Amino acid sequence: MSEPRRPLIAAEHLTKTYTAGDVELNALDDLSLHVEAGEYAAIMGASGSGKSTLMNILGALDRPTKGEYWLDGERVSTMTDRHLSSLRNRKIGFIFQSFNLLPRLDAVENVEVPLVYAKVGARERKERAIEALRQVGLGERLHHRPTQLSGGQQQRVAIARALVTKPRLLLADEPTGALDSETTKQILVLLDDLHAAGITIVVVTHEADVAARARRVVLVRDGCIVSDGPPAEVLTGRASSPPVHEERS
């Protein structure tokens, strides 16, 4: 009898506590979340809901105070800083609201950066960077610097950079927050296409129209998941409360 398939993301009973003087605040409060490989999920919530804290833990940028986190079968919550850095480079592609491109580098060189840290040879780095830029529709902008690109084109470079390591998880933090409405539509179509190609995407957003493009919306409030289901149900308040996952042994 074969073992049950592991989810790509398995976060179990996460609590994240911050202390300010004598006051303790739980940014996450016993939160559990599973995401299967190939899913397109949006984590949605207002400012202060805990969604950014959850994103930082899922992206191996922070650790929970309590609870466990596995990514692709690897136990993240107990890793050393060195192993966390390696995991991020191997398995997670990040897309940020502010693009985080290096202004003195052209598009190809910006996309190459994660491969430099992964110690990929120069020739292969360049080939993979060009392939990733073509994948996001920037084959004609390979040697343009960020100041020579529109906001939407800069975000496409950032997406190519996230894809170039062929990560297991694409994690996008407010990916359209700095873009106008028309460019936002273009980036959301690109994310649709990437999901259709089999990439696992988790978008963190406070915008309902961005969350509506996902196949699943996880609504977070006061550090807890209050609703989890299809966008049409969660965004209209018709989704049921999320199931409680059993803790792993």
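Leaving ligands, DNA and RNA out of it, report the carbon-plus-sulfur percent of the accessible area of the range 166-213 at a 1.4 Å probe. Mind showing how you got there, number by number?
Numbers: 950 of 1930 Å².
Ligands and nucleic acids excluded, carbon and sulfur reach 49 percent.
Below 29 Å Cα-Cα, how many Lys pairs turn up in the range 44-136? Only count pairs eight or more apart in sequence, or on different chains, if you could.
On the way: Lys51/Lys66; Lys51/Lys91; Lys66/Lys91; Lys91/Lys119; Lys91/Lys126.
Pairs that pass both the separation and distance tests number 5.
In the range 110-243, Cα pairs under 8 Å separated by at least six residues give a relative contact order of 17 percent. Stretched out straight at 0.36 nm per residue, the stretch from Tyr117 to Asp222 would grow longer than its current Cα-Cα span by 34.1 nm. Only Cα sites of the chain enter the Debye sum here, all with the same form factor; the resulting log10 I(q)/I(0) across q = 0.15 1/Å is -1.08, listed in q order. The residues of the range 1-118 expose, per residue, 50 Å² of accessible area to a 1.4 Å probe. For the range 143-171, backbone nitrogen atoms closer than 15 Å to the point 7 Å from Val189 Cα along Cα-to-C-beta are found at 152-153, 156.
The slack in the chain from Ala197 to Asp22, taken as 0.36 nm per residue of separation less the alpha-carbon distance, amounts to 58.1 nm. Computed over the alpha-carbon pairs of the range 181-241, the distance histogram in 10 Å steps reads 21, 50, 27, 2 percent, short to long.
The values are calculated or read from the model by the stated rules, or taken from the named source; none is laboratory data. Bear in mind the structure is a predicted one, so any value in this text is a computation, not a measurement. Note: ideal-geometry Cβ built from the backbone for every residue, glycine included; neighbour counts use all protein chains shown. The area values use the complete protein model at the heavy-atom level, side chains included, leaving out ligands, DNA and RNA. Shrake-Rupley method; radii C 1.70, N 1.55, O 1.52, S 1.80 Å.
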